[in-house]
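Student: Take this structure first; my questions come after.
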Amino acid sequence: MRYAIDGSVKLKSDRVFDVVIIGAGIAGLYTALNTDPHCRCCILAKENIDISNSWLAQGGIAAAISADDDPRLHFEDTIVAGAGLCDEEAVDVLVREGPGDVKRLVEMKVPFDLNQYGDLQITREGGHHKNRIVHAGGDATGRETVKALAYLASQKKNITFMPNTLFIDIVTKDNSVTGLICKTEDGYELISAKNIVIATGGIGQVYKKSTNPSIATGDGLAAALRSGAQIRDIEFIQFHPTGLWSPTSEDRSFLISEAVRGEGGLLKNKDGVRFMLGTHELNELAPRDIVARAIERELAASGEDHVFVDITAKDREFLEHRFPTIFNECLKRGIDISKEWIPVCPVQHYLIGGIRTDLHARTAVNGLYACGEAASTGVHGANRLASNSMLECLVFGRRAAEQINASVHIGVYEEAELPKIPERKHVRLDYKSMRRELQQLMNDYCRVIRNEAGLTYALGLVTAIRDKLENVFEDNKEYFEMLNLAALAVEIAEAALARKESVGAHYREN
């Protein structure tokens, strides 16, 4: 399927930009702020800036900026966590250039937390052998960073912000970007642009339980796939070990940050036994895939649906200051984390793979770039090291902007033209039940621990859902989101079946 729209759609086409950035999280905003001031730049957001994976990110940004750390040590930790599948050249770029981008954020007035001496407060998370995580607002690094970058972007005369806009398709000619199709409150638009940056975040809504917001339906990845870009390593789905367990169904799982374990939180079963002891040299701070599998096995053995994080060794004052978001959310649910254990279970959290890019964020389609969670730069390998994700947004978002600055011919425009697209049968479908069915299939058969029979069964059913959607059309947001989710579910299941060996976040029982 080349285009998600059909021939019945009427398009307005009066906007022209040098570059359109899809997504208003850290990757998209930082890319925009690094574009040439003379470059006409548009940031297109599905909703507003406070609804994104970046906004919700609690942990921090990893970079070798302390006196006793070194990029080579950060490199080693990243390679180990990636289970041997990292692109070493990409990791080298990340760890060498990352400290400079963190310093740039300081200059941009991102309000990082400081220690008693006025220096950056640096902590540690799972998989890191050194303290190298900077954070803001205690456990609100994403929110504080997005707010600071969004304010700076709003001051730039060359940046136009289009909120509440659904990105649908990439328009190409001879494998080169000419524009994009989107849907606003006023109807469909064809925007002309020779450069597009996909910074749309993850695919959390493919799964039943995810820390991602409801808008994380993989729109950027699916559109890139339809345009001819390559998808890589999409079977590597990171399940965060410690989503806050809830006795009721929720649209989004609340995350208990890895930083809680970094500050001394212990994983225990209902009997108070620390089941991570002896599982890995770092115990509770082992890489996330190892912790998630250990919890799944503990739950299977006990018949329970959650385990616990115990951070009661820290006093209330410390916890309220270091983890204000987590402390208050748990308190709202009747849990005082200074006195009570936090009930947790693994939930979908991060897409490790994505749109394949080179070291300059370029894809296989000329003029199409990707950065952040939507991209597969190669830095994460088979398992993302904690807090490398926001650093990746910065380093490769900046690199995308630098590449665009070097190649764009400012003021030279070519109006995008859409080829004739056939009409499809117009129908009304029950997208809520269809989404629930797909999410349940992916939750049951393509989670933390997988096997060939389950993957084969799920692939057959999600393929049928995708095929049904591709043969019809309906003019609403729910149709496009469901089409994208089904297309990506097929890609995930196929890739998981094709990779026979267990490695990193992809674990096969058989």
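Student: Considering Ala453, Ala489, which residue is of a type in the set (Gly, Ala, Ser), surrounded by 15 or more Cβ atoms within 10 Å (Cβ to Cβ) and outside the structural domain of Arg288 (by TED's automatic domain parsing)?
Tutor: Of the residues listed, the single one that is of a type in the set (Gly, Ala, Ser), surrounded by 15 or more Cβ atoms within 10 Å (Cβ to Cβ) and outside the structural domain of Arg288 (by TED's automatic domain parsing) is Ala489.
Student: Let me ask something additional. Take the residues of region 209-227 that are aliphatic (A, V, I, L, M) and touching a helix residue (DSSP H, G or I) at 6+ places or on another chain (Cβ under 7 Å): which is nearest to Asp251 (Cα to Cα)?
Tutor: For region 209-227, the residue satisfying everything is Ala216.
Student: Mind checking which pairs have a first residue in region 218-241 that is within 17 Å of Ala495 (Cβ to Cβ) and basic (Lys, Arg) and a second that is at pLDDT 95 or above and assigned to a helix (DSSP H, G or I), Cβ under 9 Å, 6 or more apart or different chains?
Tutor: Arg232/Ala495
Student: For region 438-460, give me each residue that is within 23 Å of the chain's Cα centre (by Cα) and acidic (Asp, Glu).
Tutor: Listed by number, the list holds a single entry, Asp444.
Student: While we're here: Which of the residues spanning region 228-264 are touching a helix residue (DSSP H, G or I) at 6+ places or on another chain (Cβ under 7 Å) and part of a loop (DSSP other than H, G, I, E, B)?
Tutor: Answer for region 228-264, where residues must be touching a helix residue (DSSP H, G or I) at 6+ places or on another chain (Cβ under 7 Å) and part of a loop (DSSP other than H, G, I, E, B): Ile234, Glu235, Phe254, Ile256, Ser257, Glu263.
Student: For a quick check of your reading of the model, give me the residue pairs whose first member lies in region 401-418 and is assigned by TED's automatic domain parsing to the domain that holds Thr363 and assigned to a helix (DSSP H, G or I), whose second is surrounded by 14 or more Cβ atoms within 10 Å (Cβ to Cβ) and basic (Lys, Arg), with beta-carbon atoms closer than 7 Å and at least 6 apart or on different chains.
Tutor: Short answer, once both residue conditions are applied: Gln403/Arg362.
Student: Ok, one more. Which of the residues that make up region 255-289 are surrounded by fewer than 20 Cβ atoms within 10 Å (Cβ to Cβ) and touching a His at 6+ places or on another chain (Cβ under 9 Å)?
Tutor: Lys270, Leu282
Student: From Leu394, Leu385, grab the single residue that is under 13 Å from Tyr350 (Cβ atoms), touching a residue at least 40 places away in the same chain (Cβ under 8 Å) and of a type outside the set (Asp, Glu).
Tutor: Unique residue meeting the criteria: Leu385.
Student: Considering only region 90-110, how many residues are part of a loop (DSSP other than H, G, I, E, B) and exposed (fewer than 14 other Cβ atoms within 10 Å of the Cβ)?
Tutor: Looking only at that region, the number is 1.
Student: Related question: Among (1) out of contact with any Asp or Glu (no Cβ under 9 Å at 6 or more places or on another chain); (2) under 27 Å from Arg288 (Cβ atoms); (3) of a type in the set (Ser, Thr, Tyr), there is one condition Tyr507 misses while meeting the rest; what is its number?
Tutor: All conditions are met except number (1).
Student: Among the strands (runs of 3 or more DSSP E) lying completely within region 283-400, list those that include at least 3 residues that are on the phi > 0 side of the Ramachandran plot.
Tutor: Per the criteria, no element qualifies.
Student: Is one or more of the residues making up region 267-288 under 20 Å from the mean Cα position of the chain (by Cα) and in the same structural domain as Gly303 (by TED's automatic domain parsing)?
Tutor: yes
Student: Going by the conditions given, is Thr172 modelled with pLDDT of 95 or more, in contact with a helix residue (DSSP H, G or I) (Cβ under 7 Å, 6 or more places away or on another chain) and either assigned to a loop (DSSP other than H, G, I, E, B) or on the phi < 0 side of the Ramachandran plot (or both)?
Tutor: It is true that Thr172 is modelled with pLDDT of 95 or more, in contact with a helix residue (DSSP H, G or I) (Cβ under 7 Å, 6 or more places away or on another chain) and either assigned to a loop (DSSP other than H, G, I, E, B) or on the phi < 0 side of the Ramachandran plot (or both).
Student: Further question: Just the residues that are in a loop (DSSP other than H, G, I, E, B), more than 23 Å from the chain's Cα centre (by Cα) and in contact (Cβ under 8 Å) with a residue 60 or more places away in the chain, please, taken from region 175-211.
Tutor: Across region 175-211, the qualifying residues are Asn175, Asp186.
Student: Among Asp113, Asp77, Asp87, which is the only one that is closer than 17 Å to Arg399 by Cβ, assigned by TED's automatic domain parsing to the domain that holds Leu33 and either among the basic types (Lys, Arg) or surrounded by 14 or more Cβ atoms within 10 Å (Cβ to Cβ) (or both)?
Tutor: Step by step, each of Asp113, Asp77, Asp87 is checked, and only Asp87 is closer than 17 Å to Arg399 by Cβ, assigned by TED's automatic domain parsing to the domain that holds Leu33 and either among the basic types (Lys, Arg) or surrounded by 14 or more Cβ atoms within 10 Å (Cβ to Cβ) (or both).
Student: Tally up the residues in region 44-65 that are within 28 Å of Arg96 (Cα to Cα) and either in a strand (DSSP E or B) or at pLDDT 90 or above (or both), please.
Tutor: 5
Student: Have a look at Ala286, Ala292, Ala301 and point out the one that is among the small types (Gly, Ala, Ser) and free of Cβ contacts under 8 Å to residues at least 60 places away in the same chain.
Tutor: Exactly one of Ala286, Ala292, Ala301 is among the small types (Gly, Ala, Ser) and free of Cβ contacts under 8 Å to residues at least 60 places away in the same chain, namely Ala301.
Student: Of the conditions (1) modelled with pLDDT of 90 or more; (2) more than 15 Å from the chain's Cα centre (by Cα); (3) not basic (Lys, Arg), Glu414 fails just one. Which one is it?
Tutor: Result: Glu414 passes all but (1).
The values are calculated or read from the model by the stated rules, or taken from the named source; none is laboratory data. Values in this document were obtained by computation on a predicted structure and should not be read as measured data. With ideal geometry, Cβ positions are generated from the backbone for all residues, glycine too; neighbour counts draw on all protein chains shown.
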